[in-house]
Every structure is written in C-alpha cells, then in structure tokens.
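Have a look at the structure below before the remarks.
Bear in mind these aren't lab numbers, they're just calculated from the coordinates by the rules spelled out. Since we're looking at a predicted model, the values are computed, not measured. Cβ: placed from backbone, ideal geometry, glycine included. Neighbour counts: every protein chain shown.
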Ligand code: BGC
C-alpha cells in the first residue's frame, strides 16, 4: 500500500508519565526495534530500568530505541538475535549478564504474522509463526528462569526473584480466521504462561502476560487507508472507541514489572479497549 494512502487515527492520549518504580532493575525486551517492544523499552527505561534491546531484522529501529532511551538519560544496549534460534537466545542472555550483571525483568515480545487461509497456508508459514511467537517465548523464558534461580532474591531491588511478562494478544481468546497460525501460537502462550507460573511460583518468580488489542503499531496502521475504514472496520471492534497507543501497553508492562503488582501471578491483562467483550453483541443477541 503506498504511503500516501495511509490514514493515521488521532492520538487522544496525553504523554504517559512513568513513575520511577524500576530503578536498579535490568530488563531484556525482545523485538524492541519497533511497535510494542519499542514502546515498552522506552517506558521501562523511563521508569528507571536499564534495558537490553533485542532485534532481529530492523537494526535502524533498534538504534532509534537506544537513542531515545539515552536522550532521556537512560541506559541501554542492543543485541541482535532470532528468538527462534536456541544458540542465539543463549548468547543474548550471556551478553545481558556480561553487560548489565543481572536480569530482573524479561519481556519476550517478538511476534510476527504470516497470514493465509488454512487451505492456502504453507508449512513454512505455520512453522515460522509458531517458532517466533511461541517457541521464542519458551527459549527466552527458560534462560530467564535459569538466571533468576542463580541470582536469588535481592530485596533491595525487588521483592520478586524475577519477572517474566509475555506479550500475547486478544487472539489468545478471539479466534481469527486467516490468521490461524498466529491465534494458535497466542492461545498456546496462555497455557504456557500459566503452567510456568505454577511451576516457578515457589521461587517467587512472577510470570504474567499482557494481551493487547488493536494498538497503533506498524502492523496495524498499515492496514488503514481512511477514517471510514478506521470507523467501519477497526472501531466497530473496540467498545472504548479509540485505537490503543504503545504507551497503554508500556504502562501495564511497567506495573507488572514493578513490586506494585507483587501479588499478581499467572494472569493475563487485556489492554484492548474492551475488544474481548464480544462487541458484536452490542445492540444484538
Ligand atoms: C494483531 C493486530 C490486530 C489485533 C486485534 C493483534 O494481535 O497484531 O494486528 O489488530 O490483534 O485484532
């Protein structure tokens, strides 16, 4: 779609304020070169965390994230890795410790869409989406848990031994035709998250998820061509009647990463303007 055909819905939100609830904490965020990962990296840094920015293909985007953090007086570094590759993930967590000494917050966020109807879908499209969106989360969570266990709890930094925040989607509960690989990965993520939370709770490792709805990311805004399409297609699905901003998700991530949410375990926060409220039933049923 040519650029001049894009429509950008207005941003109704004032700039987010991030309270410094993460000072002293070190965070690793995958897919932080754009979209939600970038917004969360900036938000966590503004809340005081030092951040490792992971990217796989978009080096320029990762540099932009780094520059923005540094311009705000924060500390960050960049590491390139494909989260679907075991050795690259291991190398990334080794770098994290070499560079920052510790890991307190892990946000496996990387995800992609390779859309097709099931009868048209290639095995490669199925596999890559499962590899990045689900196996990538497993690989990152496994390394994070290993490091958290080794480190133990340092109460001067956080009550928890470590925090994992998986970035899922409303499509972990809403079926999505034409995107069955994506929905299957996200649905799988929910029970991976809960099973892992059950497994590591006694270590005081917190594992939760955020499921965003339609947020202003490149993935979404590229689909919009006019205010009419925005109203007719996207807003119809959003009872709260605005597109979500990266900061909406970043604020939830900061809260989940902080001790403010210390008793929150094994749950999913839907940041979706009500998209999961079956909006089709408004005035119907
Ligand atoms: C997808 C978006 C989509 C949203 C709601 C997200 O997981 O990445 O492209 O708009 O779900 O359908």
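Things to note:
- Members of region 239-250 that are more than 12 Å from the chain's Cα centre (by Cα) and surrounded by 21 or more Cβ atoms within 10 Å (Cβ to Cβ): 243, 244
- Residue ranges of helices (runs of 4 or more DSSP H) in region 136-236 with at least 2 members within 16 Å of the ligand (Cβ to nearest atom) and free of Cβ contacts under 8 Å to residues at least 24 places away in the same chain: 180-200
- All positions within region 267-285 that are in a loop (DSSP other than H, G, I, E, B), within 14 Å of the ligand (Cβ to nearest atom) and either on the phi < 0 side of the Ramachandran plot or crowded, with 18+ Cβ neighbours inside 10 Å (or both): 272, 273, 275, 276, 277
- Flag for residue 264 being part of a loop (DSSP other than H, G, I, E, B) and either within 15 Å of the chain's Cα centre (by Cα) or away from the ligand (no atom under 16 Å from the Cβ) (or both): yes
- Of all residues in region 246-255, none satisfies being over 30 Å from residue 200 (Cα atoms) and within 15 Å of the ligand (Cβ to nearest atom).
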